[in-house]
Structures are given as C-alpha cells and as structure tokens.
Amino acid sequence: MGRSFDQRSHAYLGYALLVRGSIGNEDREFRVGVGEGAHAKHQFKARDSVSGEALPVADPRIETVEFYKVSSLKTIRSGIEEEAQPPPWCGVPPPLAVYRERGHRRLAARTYEEKCTSCIRGCHMAVEMIIDQWNPSKRRYRTETFCCGPRSCPLYRPGPQRKVPGRRGMTYTEEDWVDEEATSRRAPDE
C-alpha cells in the first residue's frame, strides 16, 4: 500500500502464506509470498503441506513476507477440503481481482494476530508513506492490517484510526467513512 497524507493506493501483488516448517536446518514459522500464477496452479489453503525454494526479500521494509520468488513448488498433501463453520474462512482464496473489488477496512492488529492470520480474508500489508509530496524521497514504512471479509463478521474489530504523517509535522487521520466507502458496495453478509 502506498500512502501520501490523505491519499492511498493499493497494489495486490500476490498472496502471503503463513508457513510452519523448515528453512534450511531451522524449524519455525515464516511468511512466504507467492504470485497469482502459482496460487492459481496450486490453489493453496489452510493446512496444505508444500515444499519449494525461495529467496529472502530484497527490502523487508516494503514486504510483509520474509521470502518470495518461490520455485520448485510442490504440493505434498492437501489440507482442509471443507471449511469449518466460519469465521475464520479457510478455503481457497479467490483471485486478487476479487479482493480489489470487495474493498477492505482497517483491522485491529491484535485481532489479526489472535484470530485472523488463518483467514483468507485477513490481510497484512506493507505500507510505504511519502511524507512530503514535494520531496518524495522522504519516506517512512510500517505495516497495517485489513479485513476483506463480510461487514457482519463477529470477529472483526477496527482498532484505532490510522494516522499518516505529513510535511512540517502535519498529521492526517483516516476517518471511519474511508472504510465504509471502500466496502459500501457489499451487503453486510457478503
């Protein structure tokens, strides 16, 4: 996501997979970025068992995953075939165009970490902020969490309004109407 004071733009580049597994000789949890093509081919879902090779990201400030450019990808065992009663939703994530069309709203970081990391509708985005539009080399970085799920989801908590720094110490506060407008095309249960 890109932010410049009261403006924001999105570029959904792929999917972030939360993996519990091995990197070399180290067993741990890590995030891997896969592109739309790899996802379309493998139809990843919760509890899949996969293998492959990946590279560390070049600039961790602008990524929420540790690894990307996955190759030699193989599905060893398929995970959950049918969803348990959602939320969280754990089936095969839809194409990125569906996420763009649905829009998203801010999600409390704590709610995301505690309840939504396995949900295909939870999103953890890297944010690059241009602090001064007249001097775009001044940038800051952070991550933000979002929800693309139904507006009626009982797990959803919006968290605090997002504040975006600007030039000369100014701050823009993103009001609730921004999220409402982004998801207004949907009924509460879609």
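Annotations for the structure displayed:
- Verdict on Tyr141 being among the hydroxyl-bearing types (Ser, Thr, Tyr) and under 22 Å from Arg31 (Cβ atoms): yes
- Taken as a whole, the range 82-89 holds no residue that is touching a residue at least 12 places away in the same chain (Cβ under 8 Å), closer than 24 Å to Phe146 by Cβ and assigned to a helix (DSSP H, G or I).
- Qualifying positions in the range 44-62 - in a strand (DSSP E or B) and open to solvent by less than 70 Å² (accessible area, probe 1.4 Å): Ser49, Val50, Ser51, Gly52, Ala54
- Among the residues listed as Val70, Val65, Val32, the single one being surrounded by 12 or more Cβ atoms within 10 Å (Cβ to Cβ), part of a loop (DSSP other than H, G, I, E, B) and at pLDDT 90 or above: Val65
- When the range 74-95 is limited to residues that are more than 29 Å from Glu181 (Cα to Cα) and open to solvent by less than 40 Å² (accessible area, probe 1.4 Å), the one that is modelled with the highest pLDDT turns out to be Gly79.
- Odd one out for Ala40, checked against (1) in contact (Cβ under 8 Å) with a residue 12 or more places away in the chain; (2) part of a loop (DSSP other than H, G, I, E, B): (2)
- For the range 148-175, a residue qualifies if it is under 16 Å from Arg8 (Cα atoms) and either β-branched (Val, Ile, Thr) or touching a strand residue (DSSP E or B) at 6+ places or on another chain (Cβ under 9 Å) (or both), and the qualifying residues are Gln161, Arg162, Lys163, Val164, Pro165, Gly166, Thr171, Tyr172, Thr173, Glu174.
- Filtered residue count, the range 2-24, keeping only those that are within 26 Å of Pro95 (Cβ to Cβ), assigned to a loop (DSSP other than H, G, I, E, B), of a type outside the set (A, V, I, L, M) and out of contact with any Lys or Arg (no Cβ under 9 Å at 6 or more places or on another chain): 1
- Taking (1) assigned to a helix (DSSP H, G or I); (2) surrounded by 12 or more Cβ atoms within 10 Å (Cβ to Cβ) in turn, Val98 satisfies each apart from (2).
The values are calculated or read from the model by the stated rules, or taken from the named source; none is laboratory data. Every value quoted in this text rests on a predicted model; they were computed, and no experiment measured them. All Cβ positions, glycine included, derive from the backbone under ideal geometry; neighbour counts span all protein chains shown. To get the accessible areas, we keep the full protein, side chains included, count just its heavy atoms, and leave off ligands, DNA and RNA. Shrake-Rupley method; radii C 1.70, N 1.55, O 1.52, S 1.80 Å.
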